[in-house]
Amino acid sequence: MTERRARGTSPAGRGDRRSSRSAKSRPAASGKGRTTAGQRAAARRAAKSGKTARSEHRILGLSTGRAVLLAAVIAALALTLAVPLRTYFSQRAEAEQLAAERAQLEAEVAELRDRRAQQQDPAYIRAEARDRLRLVMPGETPYIVQVPGIEQPAVPSQTTKPREPDPWYTELWRSISEPQPTPTQEGAPG
């Protein structure tokens, strides 16, 4: 038993030797044990074919990752600015509408002020009294000239439409809700 321990073997007789062999074969199997000469050769082959070891796509002079990042920033800015811009334009349109309405109202106020000033003028009041009410000043004699064939146009009488009959359901309801008159019996004792 001392011999086994001196060699470093396990009681099964294979322990340490097997682990050392597998440890030596691992770097070659995983590909990490490549020599620098092998790496240089792979780089030369890639240079001859015109391709780099890592192929990068370019969009507008930017690498793909940077282009995606730029697109995300632009989309975020667009979404951030969309609502304030919409509000700005709607408020601007509303302000223009209110300015037009204000100008119209100011024109109406000016017209009403002119009319009020005109109605307070005594000459205008006299002229309206003569024309509308056919009034005259004391001491004046009114004359009304009637020329044959010239008459004031007659006020059109309102034509009455014949009453349209009620729909059938109105007649039905009326017949149900109103009691039918009962004929009075003249000869009945009572």
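The values are calculated or read from the model by the stated rules, or taken from the named source; none is laboratory data. Computed from a prediction, not measured in an experiment: that's the story for all the values here. Backbone-built Cβ (ideal geometry, glycine too); neighbour counts: all protein chains shown. All accessible areas refer to the heavy atoms of the entire protein, side chains included, with ligands and DNA or RNA removed. Shrake-Rupley method; radii C 1.70, N 1.55, O 1.52, S 1.80 Å.
In the set 139, 149, only one residue is out of contact with any Gly (no Cβ under 9 Å at 6 or more places or on another chain), in a loop (DSSP other than H, G, I, E, B) and modelled with pLDDT of 85 or more; that residue is 139.
Report whether or not residue 67 is more than 30 Å from residue 140 (Cβ to Cβ), at pLDDT below 90 and part of a helix (DSSP H, G or I). For residue 67, the condition - more than 30 Å from residue 140 (Cβ to Cβ), at pLDDT below 90 and part of a helix (DSSP H, G or I) - is met.
All of 62, 85, 79 fail the test of being open to solvent by less than 100 Å² (accessible area, probe 1.4 Å) and modelled with pLDDT of 90 or more, apart from 85. Please work out if residue 91 is at pLDDT 90 or above and assigned to a helix (DSSP H, G or I). Spelling it out, residue 91 is indeed at pLDDT 90 or above and assigned to a helix (DSSP H, G or I).
Mind checking whether some residue in region 107-127 is open to solvent by 90 Å² or more (accessible area, probe 1.4 Å) and under 39 Å from the mean Cα position of the chain (by Cα)? No: zero hits.
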